[in-house]
Amino acid sequence: MQHLFHPVRLLLTQFRRPWVVAACALVMAGLLAALAQGMFGRILDQLEATGRELAGLGGVARVRAVLQPLQEHRGLDHAVLHGDPALGMRRTASAMRVDAAFAALLTHPGLMPEHRTEAVQMQNTWRSLLLANGEDRFDAHSALIDRLLELARRVIDDSGLILDADAGAYHLIGALDVMLGFTLERAAQLRGLHAALLASGGADVRLRGELVVCASALDDERKLVSHHVAALLRYRPDLAAELGDLPTRLEQATLTLRRLVREHVAAPGAELSAEMFFEQASVVIGDGYALFDRTLALTERILHVRMEEQRRELGWRIAGMLALLLTIAYLFVGVVQSVRDSRRAEAERLLAARVFEHAGEAIMVTDADNRIVKVNPAFNAITGYATEEVLGQTPGRFKSGHHDAAFYRALWRSLNETGAWEGEIWDRRRNGEIYPKWLTINAIRDPEGPLRHYVALFTDISERKRSEERIRHLAEHDALTGLPNRALLQDRLSQAMARAERAHSRLALLYVDLDRFKQINDTLGHPVGDALLQEMSRRLQATVRASDTVCRQGGDEFLVLLDEIESSEDVARVAQKMIETLAQPFRVASHDLCITTSIGISLYPDDSTDVASLIRNADIALYRAKEGGRNAFRFCNDDTNPR
């Protein structure tokens, strides 16, 4: 890369003021930028506008996908409410299609944030509408449809579709707006109202009046669609083959639907079921949506063709400027290359200084004699020492006494052999507090080899240590009572058995269970039961030595480990003390509660020499104590009555 710009550098050396050449290059670059803005600004704006229109068109398509099943659900729901339950299954299916269409609308990538927010609100309204009761659901459906139509119009406006300069595209968008917002919605209202009238037997006068008004409005809006289609074909006769006979079919079908409704209103005794009429009307509306989809596809094709033309024009303009751009870029980059080398070192120095000052880790730099020459603000914050207090000192000033001499010998051996050391170390802050930190030390040498500095980076890991301790406590203790859980008890029991084996001593495991505790939960509730268990755990702990372990097994069951016992009589006295202590009334949430306790006891090594068997034997003894009448204790190898 260096030799590539050698001619430019050579040219600069021929001038007494090379900065003038650099300034000229910058002026030329500015002129080029202005020229590029003039050549490309308009075409890029056009491409962006076309992209917005395509995205808006996609949004309109997603709204249309919601409208058709929603209109169908409204008509079916109205007919069912007026006495035709046979349409219920079809109503459920249409509701599922509405859900799927809403999901597709919300995932459309071209939807603007404000439009997406409105669509989410409409989806929530739809879900609420499904749970509503009453005959006003038709109006609620219609209100939701009106909101969707308004959303479609805003999408059309915000994406610039309505302002399209192409007359054909303008009338296509106009036909879409009118069909979606007026004709198809009016036809769908007519279908729903007339299906409900047929379902009610034709006796609802209000429905008949609304039908007449709706049928008249549909005829007017049909004419408006015909006007837009005629205008479209006048400006774009090439689209006639694309539209085919759909406009004619829509007009004929709309007239047929209007005639069906008028005939039944005029002669209510005609034989026509709500389901049959709904099918016929759906065919008409389906033709309308087919015309809508065809019109949508034509609009999309026009926009895609336009976008391709704009891209080709942009490509030719880019190609036209490429040679000029490369020439000016060659000159400009050569000038930049000539000054960049001198600035790179300065930039790297400034960057290193900023990283040093703003690093989250504490950084300490010492010389080859291990005297501190520089520290960063994070060092001051962690240790509490000001910079002037530590300059010239050795890191030995921060020793906590936590580590022995062998630790520091291993540290220096690693530094001397590998040039680095990393690990956990405990040091002392200025206020005397000892804290853990994770320390990384690297030796910095000159390219020739001599040692220049040591760089130490460290972070305070006190909070991590506390978090680890909290996690360990939660893993080994019961959340309700704070007692050790079964896992911790098994660990302590294993250690106690190992000690007992070495000392040829004995230990006891007591399995404690509250009698009929379930009745307290069932009658007074679990909060009272939990409070009782907490108070019971405190009393249990008070009956044993500090060296013994009380563990919550689960529910109302507890395990008590008595270490280094002299005889089984001592265990019996402790068990009896527990029964008597727990028999005292408990005052819990304004309730005076009296409970009894059953205890099973197994001894090591008398009854078992492994943890699982010792717990199982204590459980068996507990079962015998309960069989014998509860409120007693029983040894595993005792076949007499409970005591």
**Report entry** Cross-chain or 6+ apart pairs with Cβ under 8 Å, segment 575-586 first and in contact (Cβ under 8 Å) with a residue 12 or more places away in the chain and closer than 18 Å to residue 636 by Cα, then open to solvent by 40 Å² or more (accessible area, probe 1.4 Å) and not in a helix (DSSP H, G or I)
**Finding:** 576/643; 579/596; 579/631
Requested in this report: Identify all residues within segment 374-390 that are surrounded by 15 or more Cβ atoms within 10 Å (Cβ to Cβ), of a type in the set (A, V, I, L, M, F, W, C) and within 11 Å of residue 360 (Cβ to Cβ); write none if there are none.
Outcome: 378, 382
Query raised in the report: For segment 51-63, how many residues meet the condition of being touching a residue at least 60 places away in the same chain (Cβ under 8 Å), in contact with a helix residue (DSSP H, G or I) (Cβ under 6 Å, 6 or more places away or on another chain) and among the charged types (D, E, K, R)?
Result: 1
Report summary line: All-but-one check, residue 432 against (1) in a helix (DSSP H, G or I); (2) closer than 26 Å to residue 466 by Cβ; (3) not aliphatic (A, V, I, L, M), failing number (1)
Query raised in the report: Can you name every residue in segment 133-152 that is in a helix (DSSP H, G or I), open to solvent by less than 60 Å² (accessible area, probe 1.4 Å) and not aliphatic (A, V, I, L, M)?
Result: 137, 138, 141, 142
Query raised in the report: How about segment 13-132: which helices (runs of 4 or more DSSP H) wholly inside it have at least 2 residues that are among the hydrophobic types (A, V, I, L, M, F, W, C), surrounded by 15 or more Cβ atoms within 10 Å (Cβ to Cβ) and at pLDDT below 90?
Result: 18-81
Requested in this report: Of all residues in segment 588-602, count the ones that are part of a loop (DSSP other than H, G, I, E, B) and in contact with a strand residue (DSSP E or B) (Cβ under 9 Å, 6 or more places away or on another chain).
Outcome: 3
Report task. Starting from residues that are assigned to a loop (DSSP other than H, G, I, E, B) and surrounded by 14 or more Cβ atoms within 10 Å (Cβ to Cβ), keep the ones in segment 353-369 and report whichever is modelled with the lowest pLDDT. Result -> 359
Query raised in the report: Among all residue pairs at least 6 apart or on different chains, which show Cβ distances below 6 Å where the first residue, located in segment 483-501, is without any contact (Cβ under 8 Å) to a residue 60 or more places away in the chain and under 11 Å from residue 604 (Cα atoms) and the second is surrounded by fewer than 19 Cβ atoms within 10 Å (Cβ to Cβ) and not β-branched (Val, Ile, Thr)?
Result: none
Requested in this report: For segment 75-134, name all the residues that are farther than 22 Å from residue 153 by Cβ and of a type in the set (D, E, K, R).
Outcome: 77, 84, 90, 91, 97, 99, 127
Report summary line: Apart from one, (1) in contact (Cβ under 8 Å) with a residue 60 or more places away in the chain; (2) polar (S, T, N, Q); (3) open to solvent by 40 Å² or more (accessible area, probe 1.4 Å) all hold for residue 431; the odd one out is (1)
Report summary line: Here the residues within segment 408-425 that are in a helix (DSSP H, G or I) and open to solvent by 50 Å² or more (accessible area, probe 1.4 Å) are 409, 412, 413, 416, 417, 418
Report task. Could you tell me whether any residue of segment 603-618 is in contact with a strand residue (DSSP E or B) (Cβ under 7 Å, 6 or more places away or on another chain) and of a type in the set (Lys, Arg)? Result -> no
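The values are calculated or read from the model by the stated rules, or taken from the named source; none is laboratory data. Source: prediction; values computed, not measured. Neighbour counts are summed over all protein chains in view; Cβ atoms, including those assigned to glycine, are modelled from backbone coordinates with ideal geometry. Just so you know, the surface numbers come from the protein's heavy atoms only, side chains and all, with ligands and any DNA or RNA stripped out. Shrake-Rupley method; radii C 1.70, N 1.55, O 1.52, S 1.80 Å.
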